[in-house]
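Okay, so here's the structure we're looking at.
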Amino acid sequence: AVDAPAAPDEAEAAWVADARRLLGEALGRCRRHAKAKLYRGYASLERRLGEVDRCRRVYGAWVEAAPARAAAWTALADLE
């Protein structure tokens, strides 16, 4: 039996879940060495999806990983 193609909402939800898993894993593995672009990209995805709390957590993780980076603090402050 052939499954019917996934509905656009289902396909989008699967894509978002995969993207979150991949980005979260990348940040987990590279925690202190992750580039600002990775944190910004993940936070941008969450913000575009309207997930402000998730965006805040990503920026918070960036601040924890690199407290001396002004860019991390600025990004978090700009969100607020």
Residue ID - modelled with the highest pLDDT, chosen from residues in segment 1-45 that are open to solvent by 100 Å² or more (accessible area, probe 1.4 Å) and part of a loop (DSSP other than H, G, I, E, B): K35
Exception for R48 within (1) open to solvent by less than 50 Å² (accessible area, probe 1.4 Å); (2) closer than 22 Å to E80 by Cβ; (3) of a type outside the set (V, I, T); (4) under 12 Å from the mean Cα position of the chain (by Cα) falls at (1)
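The values are calculated or read from the model by the stated rules, or taken from the named source; none is laboratory data. Computed from a prediction, not measured in an experiment: that's the story for all the values here. Neighbour counts run over all protein chains shown; Cβ positions are idealised from the backbone, glycine included. Areas reflect the complete protein model, heavy atoms only, side chains present, ligands, DNA and RNA absent. Shrake-Rupley method; radii C 1.70, N 1.55, O 1.52, S 1.80 Å.
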